[in-house]
Amino acid sequence: MALRDRIAYLRKEHRELLQVADKIGSALALGSKADFSDHQRCLQDLRALGHGLAGIEEHCHAEERAVESIYHLYADRKQRRPIEQEHAEIARVLADFREELRFATADRTQALEGPGISLVGRLRSHIVRDQRLLREIGKSQPTRTAGHTRTRTAERRRAPKTQRRNASCNKPSMIPYNMEPHPEL
């Protein structure tokens, strides 16, 4: 998959996560009203977001499991660290929110506000940071000049052969997990 396709996929995911955040926010607004029927609708709307909450959790853990994560391939450790910390914090706040939602009743919706607002705020600020990093990655990758695409490999071709030979000798030989020989086959 091309880099721009991966970035487009992540941006689409971010839009969907923001929609979930908006739905949580509007449901919490219903829960803060004095009317009992609004409280019931708040709980109904929040419990209907089970798939969206699972999507938030998946977003937080996907980078750890992805073999070819954009962030691991194109961002350095210093750029990834805040995002990893935010993912851990969002997962923790999400767990707190789910726990409150599990035991919430229509006459006790105030307990949902704290974790819900915290989840929405952290998710939105995280997506802003993610979008900024994706923009930087998109800008730093292939640049087109006079009909040609220059990438890091093109720059590597220009290096003297001795530098390339020495550089390849210093890198450890890594075989992707799916390319390892399997004796049972």
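The values are calculated or read from the model by the stated rules, or taken from the named source; none is laboratory data. All of these numbers come straight from a predicted model, not from anything done at the bench. No Cβ is skipped: glycine too gets one built from the backbone with ideal geometry, and neighbour counts run over all protein chains shown.
Data overview
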| item | result |
| --- | --- |
| Within segment 33-54, tally of residues that are within 22 Å of the chain's Cα centre (by Cα), buried (at least 16 other Cβ atoms within 10 Å of the Cβ) and assigned to a helix (DSSP H, G or I) | 3 |
| Subset of segment 110-119 (residues that are in contact (Cβ under 8 Å) with a residue 24 or more places away in the chain and farther than 22 Å from Q19 by Cβ) | Q110 |
| Among the residues listed as E57, E64, E99, the single one being assigned to a helix (DSSP H, G or I) and either surrounded by 14 or more Cβ atoms within 10 Å (Cβ to Cβ) or of a type in the set (G, A, S) (or both) | E57 |
| From the options L30, L73, residue that is surrounded by 15 or more Cβ atoms within 10 Å (Cβ to Cβ) and either within 13 Å of G116 (Cβ to Cβ) or without any contact (Cβ under 8 Å) to a residue 24 or more places away in the chain (or both) | L30 |
| Selection status of L18, of a type in the set (A, V, I, L, M, F, W, C), in a helix (DSSP H, G or I), surrounded by fewer than 19 Cβ atoms within 10 Å (Cβ to Cβ) and on the phi < 0 side of the Ramachandran plot | yes |
| Test: S26 is part of a helix (DSSP H, G or I), hydroxyl-bearing (S, T, Y) and closer than 18 Å to R124 by Cα | yes |
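Residue-wise test of (1) at pLDDT 90 or above; (2) of a type in the set (D, E, K, R); (3) touching a Cys at 6+ places or on another chain (Cβ under 6 Å).
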residue	(1), (2), (3)
L46	yes, no, no
A54	yes, no, no
E68	no, yes, no
Y74	no, no, no
Q79	no, no, no
Q85	yes, no, no
A91	yes, no, yes
A95	yes, no, no
E99	yes, yes, no
